[in-house]
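The next block holds one structure in the form of structure tokens; read it before the comments.
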Amino acid sequence: MKFAATSATALALVFALSACGGSREETTPVPTGTPAAADTLPLPGDTAAPAEEAPAPEATPSAAASASGAPAPAPTPSASASASATTSAAATEPAAFAQCKACHAVEPGKNGIGPSLAGIWGEKAATVPGFDFSDPMKNSGLTWNQATLDRFLTDPRGVVPGTKMAFGGVKDAAKRQAIIDYIKEL
């Protein structure tokens, strides 16, 4: 008897949940419309289709932006949007850079405890305007590139004995590389 009652209860739950599942079917056609719009995008081999299809993709993102409740980015001119995208991509700061920010700024001309790191990639060490570098750093002969930054960030005082940089270094190679990649973009 208990088995029959348990089975009946389970069966009732299945039917109740099936009724809820019907609402999922109603929402399924909405996403189906979105892939259909994506299917109409031009293929790389089609030369006539890209000119015809170019306006359709632009209309689709603006509709999506309206639906998401963030219409402000959609009205922005495309040239500014491209510049913003480039700036945000260039400004992607890795988590490992947080320790660097304690002393260094990334804005040009904004020196703190340490010099600004903006634009140092490919430059000689100790050439950031307005910062008072130590004599050992001025005389180091370093140029900031992949190899020198990797060595310096591993052991600043080992590479430039007497440097003002009172930091033990970044021992994790992946974190060091993330910092170097970020500095390249500044």
Open item on the list: Looking for something at pLDDT below 95, surrounded by 13 or more Cβ atoms within 10 Å (Cβ to Cβ) and over 22 Å from the mean Cα position of the chain (by Cα) - is there at least one such residue anywhere in segment 166-178?
Closed with: yes
Task: Filtered residue count, segment 95-126, keeping only those that are surrounded by 16 or more Cβ atoms within 10 Å (Cβ to Cβ) and in contact with a Phe, Trp or Tyr (Cβ under 7 Å, 6 or more places away or on another chain) - done: 7
TODO: Could you list all residues from segment 126-154 that are assigned to a loop (DSSP other than H, G, I, E, B) and in contact (Cβ under 8 Å) with a residue 24 or more places away in the chain?
DONE: Phe133, Ser134, Trp144, Asn145
TODO: Would you be able to say whether some residue in segment 172-179 is assigned to a loop (DSSP other than H, G, I, E, B) and in contact with a Lys or Arg (Cβ under 8 Å, 6 or more places away or on another chain)?
DONE: no
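The values are calculated or read from the model by the stated rules, or taken from the named source; none is laboratory data. This is a predicted model, so every value here is computed, not measured. When we count neighbours, we look across all protein chains shown, and the Cβ atoms used for this are built from the backbone with ideal geometry, even at glycine.
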